[in-house]
Structures are given as structure tokens and as C-alpha cells.
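Below is one structure, written out as C-alpha cells, with a few remarks after it.
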Amino acid sequence: ALAQVAGVGLVLHEESLGQIEALFTRRGRTMPERNRVQAYLPATAEAIPNDRGTAPGVWMRLGEAVVAAMPGVPSEMFAM
């Protein structure tokens, strides 16, 4: 939705993909191909690393506004 509003495409963020793959490796699992989509960001965005889950956050400008979008899984937001 952010890419569409900004009028830009999505691009694969290799660093985020590496972090997602590493998380699955640490858990002794193979990353399902469906998780790859989580590493695509709007072309004008920056990734916000997510140390607790797979999907990175997104930081980008939309006109005069700055948008920070975070993954919404509650278990990733609070230390257990």
C-alpha cells in the first residue's frame, strides 16, 4: 500500500532477506518461499530491522510526511 501511494515499485531488500533466512536457520528450519515477500520494500523506503521476527519495518517519506510501519505481530513487540 505504501509503494502504491508513493507511486513506486517494490524492490527486494537483500539484507532483510538474509535476516529472515538467518532467523529460520537459527530455529533449525528451512525458510518457506512465502516468507520471501516480507523482504520486499517500496523502492524509496529504508528497512527497520526486526530482531524478534521475520518482517522488517518500513521507514519512508511520503510527501512532507515520514511514515514508520512496523510488523503487527504482538508477540514480536514485547519481550517475553
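The values are calculated or read from the model by the stated rules, or taken from the named source; none is laboratory data. Worth saying up front: this structure is predicted, and the values here are computed from it rather than measured. Methodologically, a virtual Cβ is constructed for each residue, glycine included, from the backbone with ideal geometry; neighbour enumeration extends over all protein chains shown. Note: accessible area is taken over every heavy atom of the protein model, side chains too, but ligands, DNA and RNA are not part of it. Shrake-Rupley method; radii C 1.70, N 1.55, O 1.52, S 1.80 Å.
Run the accessible area of the chain with a 1.4 Å probe and give the carbon-and-sulfur part as a rounded percent. Please report the intermediate quantities before stating the final value.
Numbers: 3000 of 5480 Å².
Carbon plus sulfur share of accessible area: 55 percent.
Rounded to the nearest 0.05, what FRET efficiency do Gln4 and Arg34 give with R0 = 22 Å and r taken as the Cβ-Cβ distance? Could you check? All intermediate terms of the calculation are to be shown ahead of the outcome.
Values: r = 21 Å, r/R0 = 0.96.
Efficiency computed from Cβ-Cβ geometry: 0.55.
Quote the charge dipole size of the chain about the Cα centre in Debye, to the nearest 20; the model charges only the Cβ of Lys and Arg (+1) and of Asp and Glu (-1). Let's see the in-between values first.
Details: 7 positive and 8 negative charges, 60 e Å.
So the magnitude is around 280 debye.
With every protein chain left in place, what is the accessible area per residue of the chain in square angstrom, probe 1.4 Å?
On the way: 5480 Å² over 80 residues.
Dividing the accessible area of the chain by its residue count gives 69 Å².
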- prompt: Once both labels are modelled 7 Å past Cα along the beta-carbon direction, what's the Arg52-Ala68 spacing in nm?
  reply: 1.5 nm
Gyration tensor (alpha-carbon) shape descriptor, the chain, a/c threshold 1.5: oblate
